[in-house]
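The structure appears right after this line, and notes come after that.
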Amino acid sequence: MKRRGLKNKKGISPVIATVLLIAMVIVMGLIVFLWVKNMVGETVEKFEKNIELVCEEVSFDADYYDGYLYLSNMGIVPIFGIKVKIFGEGSHETVDLGEIIDNWPEAGLNIGGTFEGEISLDSSIKKIELIPVLVGDSDDGRKTYTCENDLSIQEIII
Amino acid sequence: MFIHNKKAISIMIGYILLVTITIVISLLVYQWISSYIPKDSIKCDEGVSIFIKDVNYENGKLNLTIKNNGLFNVAGFIIHGTNNSEKELATIDLSGNLDSSGGGIKARNAIIFGGTNKNGIKSNEERNILFDLNEEIYSIEITPVRYQEEDNRMRFVICGNAKTSERLTND
């Protein structure tokens with residue numbers, strides 16, 4: 001078998017090949033980085049840490065009496081909003097408190113702040129859960145975050 | 001069998017690729033994990049305590065004497081009230097009813113002494129405060145507040161564990 005010679009074959013010089021390879025790796029790295037970042041989701045921060053950690057510091061008292069909902073923020077985290085999970089007969093739904101109460105303050109419930117508002121609940125409703133909503137900073141500006149962990153949620157039996 | 005004239009990436013370039021990929025992945029992981037590193041959350045010191053030494057409620061005027069019986073200085077307190085005996089949670093903010101002829105100033109939702117960023121009520125000290133209430137109050141609840149240093153700045157902290165209450169009227 002004759003060996004084919006590789007004379008007069010053109011190719012890229014090793015230096016240029018190295019530069020190209022490194023450039024390709026950097027571009028691929030950036031593509032992977034952006035892809036993973038989108039997949040993981042945007043990080044929302046509050047008090048210079050991940051807002052999920054701040055949720056654990058939320059502390060508020062709640063009471064329902066005579067058609068009124070009472071809230072008192074005795075923690076160190078301002079509460080921007082509240083989501084209300086309403087449990088009825090075999091079903092539940094979650095609504096924003098601002099949608100069922102007229103006088104929820106726009107800036108939320110500050111540290112040490114209190115709130116009382118009239119809320120009409122159907123007689124079939126057995127209990128409600130109050131889920132705090134915080135506001136933090138992300139790359140795209142201010143964003144809200146709902147604290148779904150059990151420590152933050154207040155339950156009221158109707 | 002010898003492998004002559006077979007093309008492959010040179011070892012040097014292989015190393016460069018591996019190191020570069022490792023650096024990129026580690027930067028990704030660091031950026032993601034760094035925000036999850038828990039920092040110590042600011043908490044009220046355990047020895048903080050105030051109590052209502054004396055209270056006089058007459059004709060809508062509330063005269064309150066509080067004493068710092070804790071180990072730490074406090075800045076003041078938050079005062080909430082209820083207007084009937086069946087309400088368990090005190091949500092009427094009485095700080096807006098402060099009578100300025102008495103002691104203290106209103107700051108945020110609290111009554112503080114000694115100015116902002118200062119814990120003006122030292123241990124064993126008393127303060128007298130007057131309130132001009134515009135509705136009948138059944139009971140009051142006071143919670144001490146402090147300024148505590150965190151990351152070289154003073155932060156306003158509510159000491160919810162040191163809350164104390166007092167009934168003003170018989171229902």
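The values are calculated or read from the model by the stated rules, or taken from the named source; none is laboratory data. Predicted model only: the values in this text are computed from it and were never measured. A quick note on method: Cβ atoms are made from the backbone with ideal geometry, for glycine too, and the neighbour counts reach across all protein chains shown.
Checking the stated criteria, residue A:52 turns out not to satisfy the condition of being assigned to a strand (DSSP E or B), of a type outside the set (Gly, Ala, Ser), over 29 Å from residue B:92 (Cα atoms) and modelled with pLDDT of 80 or more.
Filtered by the rule that a residue be more than 8 Å from chain B (Cβ to nearest Cβ) and part of a strand (DSSP E or B), the stretch A:58-72 gives A:60, A:64, A:68, A:69.
The set of residues in the stretch B:131-146 being surrounded by 21 or more Cβ atoms within 10 Å (Cβ to Cβ) and either more than 9 Å from chain A (Cβ to nearest Cβ) or not hydrophobic (A, V, I, L, M, F, W, C) (or both) consists of B:131, B:137, B:140, B:141, B:142, B:143, B:144, B:146. Return the residues of the stretch B:147-160 that are polar (S, T, N, Q) and either at the interface with another protein chain (Cβ under 9 Å from one of its Cβ atoms) or surrounded by 14 or more Cβ atoms within 10 Å (Cβ to Cβ) (or both); say none if nothing qualifies. Matches in the stretch B:147-160: B:148 only.
One line per residue, one yes/no per condition, for (1) modelled with pLDDT under 85; (2) facing another protein chain (nearest Cβ under 10 Å):
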residue: B:3; (1), (2): yes, no
residue: B:12; (1), (2): yes, yes
residue: B:21; (1), (2): yes, yes
residue: B:54; (1), (2): no, no
residue: B:101; (1), (2): yes, no
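Just a yes or no: is a residue in the stretch B:60-82 surrounded by 14 or more Cβ atoms within 10 Å (Cβ to Cβ), in contact with a helix residue (DSSP H, G or I) (Cβ under 8 Å, 6 or more places away or on another chain), part of a loop (DSSP other than H, G, I, E, B) and at pLDDT 90 or above? Looking through the stretch B:60-82, at least one residue is surrounded by 14 or more Cβ atoms within 10 Å (Cβ to Cβ), in contact with a helix residue (DSSP H, G or I) (Cβ under 8 Å, 6 or more places away or on another chain), part of a loop (DSSP other than H, G, I, E, B) and at pLDDT 90 or above.
Scanning the stretch A:127-146 for residues that are surrounded by fewer than 14 Cβ atoms within 10 Å (Cβ to Cβ), among the basic types (Lys, Arg) and in contact (Cβ under 8 Å) with a residue 24 or more places away in the chain yields a total of 0.
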